[in-house]
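Working notes, structure below.
The values are calculated or read from the model by the stated rules, or taken from the named source; none is laboratory data. Source: prediction; values computed, not measured. Methodologically, a virtual Cβ is constructed for each residue, glycine included, from the backbone with ideal geometry; neighbour enumeration extends over all protein chains shown.
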Amino acid sequence: MERPLRLIATNPLDRLARTLEALLVVAAQPLPTEELAAAANDDVERVETALGLLGERYREGRSGIVLEHVAGGYAFRAAREAAEACGRLFERPVQRGLSPAALETLAIVAYLGPCTRPAIARIRGVAADSAVAGLLERGLIAEAGREEEPGGAVRYRTTALFERVFGLESLSQLPRVDELGADEDELRERLHAVADKRPA
């Protein structure tokens, strides 16, 4: 039978692990190793070792919360077996499913971002105002400046929350366009056509 991992008060590495645990609990977003090291006033190598201890303690199937490396940092999330109960407790928009329009818009921003509403509308073939507003409200996309010309349209990019929700360490983990199914040629053509154009 597997023995539970115990954090012993006299062990400096275990004390560091408890400090990191507290930092991750109070953090609003994933924290990179360097930021954890600075906050804990310790070196990166020891922080990585202590995160290994926490990762073993808080892993899927062992705990109700799980330590994960996501969006360029470390964060706690609910274990899969507890996710449904957590969803019932909070019932916030970010926990509810995304509509097909929102998913299409989010995919466009993830692959082409930063991009504008007119660019998104051209790809989808319909207005994107409602979908963009909903994604902004949920914190999955954010403003990323404007096009350079006077009165240029606002550009949007995905956020760290998007990476966290979809379990990505970075956008480089997104599937390649040619892995997205039978309509890949059409999708690629439409994405490239918009990427090469400025918004109207």
*Sole exception among (1) within 19 Å of the chain's Cα centre (by Cα); (2) surrounded by 16 or more Cβ atoms within 10 Å (Cβ to Cβ) for residue 167, by number*: (2)
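Given the condition of a type in the set (Val, Ile, Thr) and outside the structural domain of residue 170 (by TED's automatic domain parsing), answer yes or no: does some residue in region 67-83 qualify?
The first filter runs over region 67-83 and keeps only residues of a type in the set (Val, Ile, Thr), leaving 70.
If we keep only those that are outside the structural domain of residue 170 (by TED's automatic domain parsing) too, we end up with 70.
Yes, region 67-83 contains at least one residue that is of a type in the set (Val, Ile, Thr) and outside the structural domain of residue 170 (by TED's automatic domain parsing).
This table checks each residue for (1) of a type in the set (Phe, Trp, Tyr); (2) closer than 16 Å to residue 165 by Cβ; (3) surrounded by 13 or more Cβ atoms within 10 Å (Cβ to Cβ); (4) free of Cβ contacts under 8 Å to residues at least 12 places away in the same chain.
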| site | (1), (2), (3), (4) |
| --- | --- |
| 47 | no, no, yes, no |
| 62 | no, no, yes, yes |
| 83 | no, yes, no, yes |
| 119 | no, no, yes, no |
| 130 | no, no, yes, no |
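Hey, any hits in region 26-45 for a residue that's outside the structural domain of residue 149 (by TED's automatic domain parsing), among the acidic types (Asp, Glu), under 21 Å from the mean Cα position of the chain (by Cα) and surrounded by fewer than 17 Cβ atoms within 10 Å (Cβ to Cβ)? Step through it out loud before you land on a result.
Narrowing region 26-45 to residues outside the structural domain of residue 149 (by TED's automatic domain parsing): 26-45.
Then keep just the ones that are among the acidic types (Asp, Glu); that gives 34-35, 42-43, 45.
Filter again for under 21 Å from the mean Cα position of the chain (by Cα), leaving 34-35.
Now restrict to residues that are surrounded by fewer than 17 Cβ atoms within 10 Å (Cβ to Cβ): 34-35.
Within region 26-45 (the criterion being outside the structural domain of residue 149 (by TED's automatic domain parsing), among the acidic types (Asp, Glu), under 21 Å from the mean Cα position of the chain (by Cα) and surrounded by fewer than 17 Cβ atoms within 10 Å (Cβ to Cβ)), the answer is yes, since at least one residue qualifies.
Can you find a residue that is crowded, with 17+ Cβ neighbours inside 10 Å and outside any helix (DSSP H, G or I) anywhere in region 9-18? Spell out how you get there, then give the answer.
Kept after step one, since they are crowded, with 17+ Cβ neighbours inside 10 Å, are these residues of region 9-18: 16-17.
This time we only want the ones that are outside any helix (DSSP H, G or I), so: none.
No, that holds for no residue.
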